[in-house]
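K.L.:
To start, I am sharing the structure in question, which I have written as structure tokens.
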Amino acid sequence: MNIWQKYVIPHSIEEAIHFLTSAPGPARPIGGGTDLLLEIQQGHHPPVHTLVDVTRIPDLLRLEEVGAHLFIGAAVPVRVITESPLVRYHATAVAEACGLIGGPQVRNTATLGGNVAHALPAADGMISLFAFDTQVEIANDGGRRLQPIHTLFKGPGQSALDLSSEIIVGFYLPLRQSGQSSAFSRVMRPQGVALPILNMAVWMERDDRVIHDIHIAIGPSGPVPFRATRVEHELIGHPPDSISLQRAKEAIHQSIQFRSSAMRAGAAYRHHLSEVLLEEVIGKAWQRAFELEAV
Amino acid sequence: MSDPNLITLTVNGRTYQLPEVPGEMLADLLRYRLKLTGTKVACGEAECGACTVILNGEPVLSCSFPAAKADGADILTIEGLSDLHKTPTADGQLIPLHPLQQSFIEYGAVQCGFCIPGQIMTSYALLERNPDPSEEDIKYALKDTLCRCAGYPSIIGAIKAAAFTLKTGQPLPHPPIDPSNHAGRVVGRIQPRPDAIAKVTGKAIYTDDIQFENMLHARVKRAGVPSGILRKLNIEKARKLPGVVAVLTAKDIPGEKNHGLVIPDWPIMVGIDEQIRTVGDALAIVAAETRQIASKALDLIEVEIEPLPVIDHPVKAIQDDAIRIHKNGNLLKHIKVRKGDVEEGFAQADVVLEHTYHTPMHDHAFMEPECSIARLTPEGRMEIYVGSQIPYSDRNQVARALGVPEEQVRIIGQLIGGGFGGKEDIAGQIHAALLARATGRPVKLLFDRQESLIVHPKRHATQIRVKVGAKKDGTLTAVETELFGDTGAYASLGEKVLTRATTHSSGPYEIPNVKADCYAMYTNNPPAGAFRGFGVMQSAFAIESMMDTLAEVLHMDPVELRKKNALKVGSITNTGQVLRESVGLMECIERVEAEMNRLSGGNPFIPKPVEGAPHRLRAWGFAVGYKNTGLGGGAPDKAGAEVELRRDGTFQVRSSSAELGQGLPTVLQLIAAEELNQNPRQIDVLLMDTDLTPDGGPTTASRQTFVTGNAVRHAARALRQLLTSELAERYDVPPQEIRFIEGLAQVNGKQVSLSHLAEQMLESGRQPLASYTYWAPATRPLGQGGDMHFAFSFAAQAAEVEVNTLTGEVNVLRLIIANDVGTAINPLGLRGQIEGGAIMGIGHALTENFIVEQGRVITDRLARYRMPSITLTPEIIPIVVEHPVTEGPFGAKGVGEIVLIPTIPAITNAIYHAVGVRFDRIPVDQEKILLTLKERSGNY
């Protein structure tokens, strides 16, 4: 009945991979463990023999500019991400989303690596990363590789990663350029089983008249997260006025099948909220895009 | 890690090296290995923040933080906090507590105390990063640090006060709380709780903080299905598991097989071929060397259950073809109220309205999960350490199960981390005792949160049909109600709760014709029992919603309609009771109305858009309520207490009455201090021990201030007379020349120390002790007219809400709360009750919903059962109305429940006034608001 038999704290990626692959029983990497430990404890995750704590591996704790990218280490606590001037500037949506994960105590241990590996279709941090062209660095005993974030999901709660032999090192997000911005928001339903009904992240590039490019991620909009490309398409090349917003809202209706779930929300309500959130995040991002304050 | 099997960590400045234990969380290491039990575990699922400690400068949740991960860390727990900083006083002294600890005490933020270490540590982390936090900063930082006593406004005030002191070095600013209008020398004045220091330093001991040598850990095998027949139960594999010491089943119970507060209908364990009635039914109990082993043993118990149909609603339970949940059928009780002739009343009415309302089950969600420790003494008596609302009932029920005389059992009550009615029934007391008896070793049975949510009785879910008739001028001519109450699988206090729901179902109004019928039904849902408000919360939601609708139909102001019909002195209630005094309802209504008009600038019931955000609409709602004090209905209502002068010159007050956080020790301390003319600090209060304290009766029905308060008052008076006559005789002076002052008696101008007096009396073989059994005024059973209750508390509340018409989200912004409490004996504790009741009301209105589907509990985690967090805290404007009761101690009557009752309809009425969406069930569903608004605008 123990949640784990062995808890190891490696100090390098190689050591972590070695612990994972040489464990005498099922092994899993663990970041803050805020989801994983409860799932094991409550019987929603198969038993684990060895937990490999990745939160003391220097490479996973980096948060810095690397060339044309912002690198966020997979084990950086989300509180640090929320408060980081670098993230707030280059990836405002990620800072906003991380500020909404759990409560303050949870944010001191929760990590984006865990958030993404957990593969829930509406995880706030993960959805915010989706709005950027985030590349995820993954390590296994074959070395390291980069994969676009949308390739990491198999189904609700099912990661495409092999978590018994590989770990997420971190996330590469493009640095913010002139005219670019991002925003994140969500709506909770406090009644009964409290769960977010819907969240939305947007990344945008505009000039003084129109949206040049836009990425929109909505969670939960299916078993695996995806970008709302048809909605984006309605907005590109247009100002965010009522006409194009109306077209974008119609595109949500045409391209996304929200589910009704008894404990969270009906599909009709979700659809409505998706319109409200769309206006909100686009409005915020549009405003922000010209606020190029210094870091 | 130098040695992979050792954890090195520094806690409160001391460094430890400990062997690693697989699966161990930091909270367990701190609590059980380092004995730092100030850190509490309330949920075990990273939801509530009670276990917060500071790790390398940041707050983390130690209940879900692997101990091994803390290797190398520097940890601060509540026990280490007072070493860091002291609190300056006005006279230049230093109180040896951190300003946060001292401010939590002075602001009354400490109630049951279970969450307090987590609150203080989280606040400490906040102030370290932000020395001058705004209210918003505080709410953000404490978002996930839950308090069910819910003194959130006091917590906010305490944090701001501590921040001020830390910043300026000045003493703490005083809390803004007024004394009673009828304050005496100490009664009615601000007095910190006697147990507050222990609670802010982590030294307060709750049951799970106790460890005995050689102690075993118990767990219970539960049915997991809501309805069926237990056909097979194989415990052999479990018994053989190394570390398992005993596995017991129904056939191992030496005495009575059932327990129950009123009707013994609840099996201690379900036997073979016996009926399973709810998912939480116990089938077998295990004691093992560790909790882990006991848990593993549960999985090895093989169970075969033949399923039966599930009755999941009281209306289904009453059908003729429904299966019988109990031998005598599914009707626990048909409760009737009759006054006048409703048909005639409806015939006289200009308007007749009828509607049906629904309320769900609620969980008490007290922060401290149930825990019992049973231990056989060398003399063979059974001792039970437990936080229980009715210690003498526990003793009786444990003794009957063991088949021993009651004197062979001693209940040693521990601090209770919240109760709210949920710790009146047996939880693990009997199971722990059976295992202690079988093994000869101490046995601890601690519920985890999931078990707590599934097993203990809930608030009754109800369906309430209300039919009202009124004249054009608003005069009520008749009210008819029909209630179906879901008492779940077992009776518990169901009959009494639903009687209260029924008698209060026409509201605090004088109505010539009343008819109320309630069907208290058994179902296969978890049992329902006592919960703050005791049925009246449910019926108040129904009648107060209906009154608002009636006001609208009559084109009347909702406040005027209530004034028109409000009970006053001389009124006859629907049960035929003439109210002779202490009916402060009209004053509550008028004062809340005046404040509401002032704050709203007039027209409180007209929606107003927020400037710059026209999609946010604000409006006020109004509701009233009343609630009996005491058991009533003809039940003998008495409490015993004794007061003793001890050798050291201090006094001890003793009663078995329970302290759940509501502040009874302060109340009793103040009453005794007033009567004995002593400083409250000279009075020690001992509660909840069936060997040492006389029976105070159940702590329920808002009765303890009145009943035990009176017992203590009379006992203190008797002791004073005893001491006076002793001194009169000894010094040969007339009794009227003897006075008591702090620690001293003044005899004819000469001072005699009380310790000396105690010594002298004891030497001459006389006990400086007086006891008193107080019998509350007799009441009469329902249906017989006369006084069904000896006192009622009254209340009015107004709520201002803001509804976001884009999302349907609702926020409560302000609550004006007036309660007629007779006399406010303990204003600091009263403030806690008012705040906590209001926040619980907000929870019931907006967030809480105990969801059961086909008898299975969906909300079986704290993450799923949403009690309100500090983020929902509105501005609370309390108004204390004092219409004393002649018979009450210093005029006081109960307050613990009335505080919650009008909050819910005040909020739902406000939502109606803001956006025109009427809720006939709670919690409010924001989705319904939004979809209704869209439909109405033709947008859908």
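The values are calculated or read from the model by the stated rules, or taken from the named source; none is laboratory data. These figures come from a predicted structure and were not determined experimentally. Positions of Cβ are backbone-derived with ideal geometry, glycine not excepted, and every protein chain shown enters the neighbour counts.
K.L.:
Report whether or not B:L9 is touching a Ser or Thr at 6+ places or on another chain (Cβ under 8 Å), within 9 Å of chain A (Cβ to nearest Cβ) and closer than 25 Å to B:L126 by Cα.
P.N.:
no
K.L.:
Return the pair list, or none, for Cβ contacts closer than 6 Å from residues in segment B:263-286 that are farther than 14 Å from B:I305 by Cβ and not assigned by TED's automatic domain parsing to the domain that holds B:T523 to residues that are surrounded by 24 or more Cβ atoms within 10 Å (Cβ to Cβ) and of a type in the set (S, T, Y), at least 6 apart or on different chains.
P.N.:
B:D265/B:Y490; B:W266/B:Y490
K.L.:
Take the residues in segment A:253-273 that are more than 26 Å from A:S159 (Cα to Cα) and in contact with a strand residue (DSSP E or B) (Cβ under 8 Å, 6 or more places away or on another chain), then tell me which one is surrounded by the fewest Cβ atoms within 10 Å (Cβ to Cβ). It would help to see each step written out before you state the result.
P.N.:
The initial filter retains those residues of segment A:253-273 that are more than 26 Å from A:S159 (Cα to Cα), namely A:253-254, A:266, A:268-269, A:271-273.
When the remaining residues are screened for being in contact with a strand residue (DSSP E or B) (Cβ under 8 Å, 6 or more places away or on another chain), the result is A:269, A:273.
Values: A:Y269: 25, A:L273: 27.
If we take residues in segment A:253-273 being more than 26 Å from A:S159 (Cα to Cα) and in contact with a strand residue (DSSP E or B) (Cβ under 8 Å, 6 or more places away or on another chain), then A:Y269 is surrounded by the fewest Cβ atoms within 10 Å (Cβ to Cβ).
K.L.:
With the requirement that a residue be within 10 Å of another protein chain (Cβ to nearest Cβ) and part of a loop (DSSP other than H, G, I, E, B), what does segment A:18-37 give you?
P.N.:
Correct list: A:G32, A:G33, A:T34, A:D35.
K.L.:
Within segment B:166-175, can one find any residue that is among the polar types (S, T, N, Q), within 14 Å of chain A (Cβ to nearest Cβ) and part of a loop (DSSP other than H, G, I, E, B)?
P.N.:
no
K.L.:
Out of curiosity, is B:V569 at pLDDT 95 or above, outside any loop (DSSP other than H, G, I, E, B) and of a type in the set (V, I, T)?
P.N.:
When the stated conditions are applied, B:V569 does not pass them.
K.L.:
Read through the list (1) within 14 Å of A:Y172 (Cα to Cα); (2) out of contact with any helix residue (DSSP H, G or I) (no Cβ under 7 Å at 6 or more places or on another chain); (3) buried (at least 24 other Cβ atoms within 10 Å of the Cβ); (4) within 14 Å of another protein chain (Cβ to nearest Cβ), then give the number of the only condition that A:G103 fails.
P.N.:
Tallying (1) within 14 Å of A:Y172 (Cα to Cα); (2) out of contact with any helix residue (DSSP H, G or I) (no Cβ under 7 Å at 6 or more places or on another chain); (3) buried (at least 24 other Cβ atoms within 10 Å of the Cβ); (4) within 14 Å of another protein chain (Cβ to nearest Cβ), A:G103 fails exactly one: (1).
K.L.:
Can you name every residue in segment B:8-23 that is in contact (Cβ under 8 Å) with a residue 60 or more places away in the chain, in a strand (DSSP E or B) and either polar (S, T, N, Q) or touching a Lys or Arg at 6+ places or on another chain (Cβ under 9 Å) (or both)? Working first, answer last.
P.N.:
Here is the first cut: in segment B:8-23, the ones in contact (Cβ under 8 Å) with a residue 60 or more places away in the chain are B:8-13, B:23.
Now restrict to residues that are in a strand (DSSP E or B): B:8-11.
Matches in segment B:8-23: B:T8, B:T10.
K.L.:
Being over 30 Å from B:V578 (Cα atoms) and in contact (Cβ under 8 Å) with a residue 24 or more places away in the chain is the filter here, so list the residues in segment B:757-795 that pass it.
P.N.:
If we filter segment B:757-795 for residues that are over 30 Å from B:V578 (Cα atoms), which is where we start, we get B:757-771.
Passing the criteria: B:L757, B:A758, B:E759, B:Q760, B:M761, B:L762, B:R766, B:Q767, B:P768, B:L769, B:A770, B:S771.
K.L.:
For segment B:853-863, state whether one or more residues are on the phi < 0 side of the Ramachandran plot, among the small types (G, A, S) and either part of a strand (DSSP E or B) or surrounded by fewer than 24 Cβ atoms within 10 Å (Cβ to Cβ) (or both).
P.N.:
For segment B:853-863, residues on the phi < 0 side of the Ramachandran plot, among the small types (G, A, S) and either part of a strand (DSSP E or B) or surrounded by fewer than 24 Cβ atoms within 10 Å (Cβ to Cβ) (or both): present.
K.L.:
Please determine, by comparing only the residues of segment B:12-23 that are more than 10 Å from every other protein chain (Cβ to nearest Cβ) and crowded, with 16+ Cβ neighbours inside 10 Å, which one is nearest to A:N108 (Cα to Cα).
P.N.:
As a first pass, look at segment B:12-23 and keep what is more than 10 Å from every other protein chain (Cβ to nearest Cβ): B:12-19.
Still in the list and also crowded, with 16+ Cβ neighbours inside 10 Å: B:12, B:18.
Details: B:N12: 20, B:L18: 25 Å.
By that ranking, first place goes to B:N12.
K.L.:
Out of B:E136, B:E106, I need the residue that is charged (D, E, K, R) and under 21 Å from A:N108 (Cβ atoms). Which one? I'd like the intermediate steps shown before the answer.
P.N.:
On the way: B:E106 fails: under 21 Å from A:N108 (Cβ atoms).
The match here is B:E136.
This table checks each residue for (1) touching a residue at least 60 places away in the same chain (Cβ under 8 Å); (2) within 14 Å of another protein chain (Cβ to nearest Cβ); (3) touching a strand residue (DSSP E or B) at 6+ places or on another chain (Cβ under 8 Å).
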residue: B:E848; (1), (2), (3): yes, yes, no
residue: B:G855; (1), (2), (3): yes, no, no
residue: B:I870; (1), (2), (3): yes, yes, no
residue: B:P878; (1), (2), (3): yes, no, yes
residue: B:V881; (1), (2), (3): yes, no, yes
residue: B:V885; (1), (2), (3): yes, no, yes
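K.L.:
So B:D273 passes all but one of these: (1) within 21 Å of B:A432 (Cα to Cα); (2) more than 32 Å from the chain's Cα centre (by Cα). Which condition number does it fail?
P.N.:
So B:D273 meets the others, but not (1).
K.L.:
Return the residues of segment B:43-54 that are at the interface with another protein chain (Cβ under 10 Å from one of its Cβ atoms) and either more than 17 Å from B:I120 (Cβ to Cβ) or of a type in the set (G, A, S) (or both); say none if nothing qualifies.
P.N.:
If the condition is that a residue be at the interface with another protein chain (Cβ under 10 Å from one of its Cβ atoms) and either more than 17 Å from B:I120 (Cβ to Cβ) or of a type in the set (G, A, S) (or both), then B:G44, B:E45, B:A46, B:E47, B:G49 are the ones that fit.
K.L.:
Please specify each residue of segment B:808-826 satisfying the condition of being surrounded by 24 or more Cβ atoms within 10 Å (Cβ to Cβ) and outside any loop (DSSP other than H, G, I, E, B).
P.N.:
Matches in segment B:808-826: B:V810, B:V812, B:L815, B:I816, B:I817, B:A818, B:N819, B:D820.
K.L.:
Would you say B:K40 is more than 13 Å from chain A (Cβ to nearest Cβ), crowded, with 24+ Cβ neighbours inside 10 Å and part of a loop (DSSP other than H, G, I, E, B)? Break it down stepwise before answering.
P.N.:
Details: more than 13 Å from chain A (Cβ to nearest Cβ): yes; crowded, with 24+ Cβ neighbours inside 10 Å: yes; part of a loop (DSSP other than H, G, I, E, B): yes.
Against the criterion (more than 13 Å from chain A (Cβ to nearest Cβ), crowded, with 24+ Cβ neighbours inside 10 Å and part of a loop (DSSP other than H, G, I, E, B)), B:K40 qualifies.
K.L.:
Go through segment B:24-34 and count every residue that is surrounded by fewer than 19 Cβ atoms within 10 Å (Cβ to Cβ) and touching a residue at least 60 places away in the same chain (Cβ under 8 Å).
P.N.:
Residues in segment B:24-34 being surrounded by fewer than 19 Cβ atoms within 10 Å (Cβ to Cβ) and touching a residue at least 60 places away in the same chain (Cβ under 8 Å): 1 in total.
K.L.:
Tell me yes or no: at least one residue of segment B:203-219 is outside any strand (DSSP E or B), among the hydroxyl-bearing types (S, T, Y), surrounded by fewer than 24 Cβ atoms within 10 Å (Cβ to Cβ) and not assigned by TED's automatic domain parsing to the domain that holds B:N12.
P.N.:
no
K.L.:
Of all residues being touching a residue at least 40 places away in the same chain (Cβ under 8 Å) and under 30 Å from B:P307 (Cβ atoms) in segment B:857-868, which is farthest from the chain's Cα centre (by Cα)? Just the residue, please.
P.N.:
Here the answer is B:V857.
K.L.:
Another question, if that's okay. Scan (1) out of contact with any strand residue (DSSP E or B) (no Cβ under 6 Å at 6 or more places or on another chain); (2) within 14 Å of chain A (Cβ to nearest Cβ) for the single condition B:N804 breaks and write down its number.
P.N.:
(1)
K.L.:
Tally time: how many residues in segment A:1-12 are more than 9 Å from chain B (Cβ to nearest Cβ), touching an Asp or Glu at 6+ places or on another chain (Cβ under 9 Å) and within 16 Å of B:D71 (Cβ to Cβ)?
P.N.:
1
K.L.:
What's the number of the only condition in (1) within 13 Å of another protein chain (Cβ to nearest Cβ); (2) touching a helix residue (DSSP H, G or I) at 6+ places or on another chain (Cβ under 7 Å) that A:E15 fails to meet?
P.N.:
In the conditions (1) within 13 Å of another protein chain (Cβ to nearest Cβ); (2) touching a helix residue (DSSP H, G or I) at 6+ places or on another chain (Cβ under 7 Å), A:E15 misses (2) alone.
K.L.:
Take residues that are acidic (D, E) and within 20 Å of A:P223 (Cα to Cα) and tell me which of the helices (runs of 4 or more DSSP H) falling wholly in segment A:51-133 contain 1 or more.
P.N.:
Answer list for segment A:51-133: A:124-130.
K.L.:
Please go through segment B:587-619 and give me each residue that is buried (at least 20 other Cβ atoms within 10 Å of the Cβ) and within 28 Å of the chain's Cα centre (by Cα), ordered by number.
P.N.:
B:C588, B:I589, B:V592
K.L.:
Could I ask something else about it? Of the residues B:T165, B:T145, B:T122, which single one is surrounded by 20 or more Cβ atoms within 10 Å (Cβ to Cβ) and closer than 22 Å to B:T89 by Cβ?
P.N.:
Testing whether each residue is surrounded by 20 or more Cβ atoms within 10 Å (Cβ to Cβ) and closer than 22 Å to B:T89 by Cβ leaves just B:T165.
K.L.:
So which residues in segment A:145-181 are in a strand (DSSP E or B), of a type in the set (D, E, K, R) and without any contact (Cβ under 8 Å) to a residue 60 or more places away in the chain? Give the derivation first.
P.N.:
Here is the first cut: in segment A:145-181, the ones in a strand (DSSP E or B) are A:145-148, A:153-155, A:158-159, A:167-174, A:180-181.
From what's left, of a type in the set (D, E, K, R): A:145, A:154.
Once the filter is applied, which keeps residues that are in a strand (DSSP E or B), of a type in the set (D, E, K, R) and without any contact (Cβ under 8 Å) to a residue 60 or more places away in the chain, segment A:145-181 yields only A:R145.
K.L.:
Might you check whether a residue that is closer than 21 Å to B:T823 by Cα and surrounded by fewer than 24 Cβ atoms within 10 Å (Cβ to Cβ) occurs anywhere in segment B:638-647?
P.N.:
yes
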